[in-house]
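Just so it is clear, none of the values below were taken in a lab; they were calculated from the coordinates. These figures come from a predicted structure and were not determined experimentally. With ideal geometry, Cβ positions are generated from the backbone for all residues, glycine too; neighbour counts draw on all protein chains shown.
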Amino acid sequence: MQPEVTSFFDQATNTITYVVRDPGGSACAIIDSVLDFDYAAGRTSTASADEVIAFVKDKGYRVEWLLETHVHADHLSAAPYLQEQVGGKIGIGRNITVVQDTFGKVFNAGTEFERDGSQFDQLFDEGDSIHIGQLRVDVLHTPGHTPACLTYVIGDAAFVGDTLFMPDFGTARCDFPGGSADTMWESVQKILALPAETRIFVGHDYKAEGRAEYAWETTVGEQKARNVHVGAGKTREDFVRMRTERDAKLDMPKLIVPSLQVNMRAGQMPPAEDNGTVYLKVPVNKL
């Protein structure tokens, strides 16, 4: 089946949110939503999420799933807000528990922060399948960028999160805690083993040098032929060496500190302190 895919590009974080609908009905899923965050002011906004909500309501869609490809380090998830407004169950990979354990320590989240993934409605394993209406969703575990990264294969489309970018931009970094360039290579091969005509929808786009427009849809065949990091005959050794050298020169994402604290909680803010105010911590010299 060919799902109907509608894309929402958030230029502030270069993130693409997807609404994926069963072509045979009104059921849909929302993948990788965005909660707007002004870091300097410490203020959130729901403008991006409201655009998605307005679309879903206008079309009369029924939201069954709010899917996360991983714990994002570059934007905050709007999943709880979307759930409140339009429903749906929040799902992520089971290895969220590894991420929670790692960053629960980094942010000194305390014993009240559960590290069992219970903040999410469903945790997925490799080989799991769910449905959006009559549309089957198959889950691939594709770690490397983070331990909990998933690819959702929905009909003829694969939503790969940050594992692959557009062919002219390559792949995501692998230097976050729990990341691994060697593991990323294996995950990419799993995606590239899908049929060549499979549509690939990436989690971000940053416009590779020389490209005028943002883009986020490609195919397995195009990735195999042209991806600058893993295509056109590149070897595992080539990739691991390139990725390791490149990652060592990259700055941390601008929103990594608030994003991790919120996204490891399924998009919820940390508990308010005794004055009723929510605070986000900045660990000094830890990231």
Next item on the list: Quote the FRET efficiency, to the nearest 0.05, computed for ARG226 versus ASP274 with a Förster distance R0 of 51 Å and r equal to the Cβ-Cβ distance.
Entry: 0.40
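What is the packing order of peptides 267-275, 202-210, taking the mean over residues of other C-beta atoms within 10 Å and listing the highest first? Walk me through the numbers on the way to the answer.
Values: 267-275: 12.8, 202-210: 16.1.
My ranking of the peptides, most packed first, is 202-210, 267-275.
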Notebook entry, point to check: What dipole magnitude, in Debye to the nearest 20, does the chain give about its Cα centre under +1 on Lys/Arg Cβ and -1 on Asp/Glu Cβ?
Noted result: 380
Notebook entry, point to check: Can you tell which of MET166, SER180, MET269 lies farthest toward the positive end of the dipole of the chain, using +1 and -1 charges on the Cβ of basic and acidic side chains (Lys, Arg; Asp, Glu)?
Noted result: SER180
Check: Once amide H atoms are built 1.01 Å from N in the peptide plane, which residues 5 or more positions from PHE169, or in another chain, come under 5 Å H to H?
Finding: VAL228
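Would you mind giving the average projected area, over all directions, of the Cα convex hull of the range 2-154 in nm² with one decimal? Don't skip to the answer; put the middle values down first.
Numbers: hull surface 37.2 nm².
Convex hull of Cα atoms, orientation-averaged projection: 9.3 nm².
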Next item on the list: Would you mind putting 235-245, 74-84 in packing order, based on average other-beta-carbon counts within 10 Å, highest first?
Entry: 74-84, 235-245
Note to self: Just to be sure I follow the rule: in the chain, considering lysines 8 or more places apart or on different chains, how many pairs have Cα atoms under 28 Å apart?
What the structure shows: 23
Next item on the list: Quickly estimate the mean residue ellipticity at 222 nm for the chain, helices only: each DSSP H run with n ≥ 4 gives -39500 (n - 2.57), and the total goes over all residues, rounded to 500.
Entry: -7500 deg cm²/dmol
Next item on the list: Taking H placed 1.01 Å from N in the peptide plane, check which residues at least 5 places from LYS207 or on another chain put their amide H under 5 Å from its amide H.
Entry: ALA215
Checklist line | Amide H partners (placed H, <5 Å) of ALA27, local residues excluded | finding: ASP22, ARG62
Checklist line | Residue-span extension gain [LEU287 to ASP175] - 0.36 nm each, minus C-alpha spacing | finding: 39.3 nm
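For ILE96, ILE191, which order do you get if you count the other beta carbons within 10 Å of each Cβ and list the fewest first?
ILE191, ILE96
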Checklist line | Neighbour-count ranking [beta-carbon atoms within 10 angstrom, fewest first] of ASP58, ASP156 | finding: ASP58, ASP156
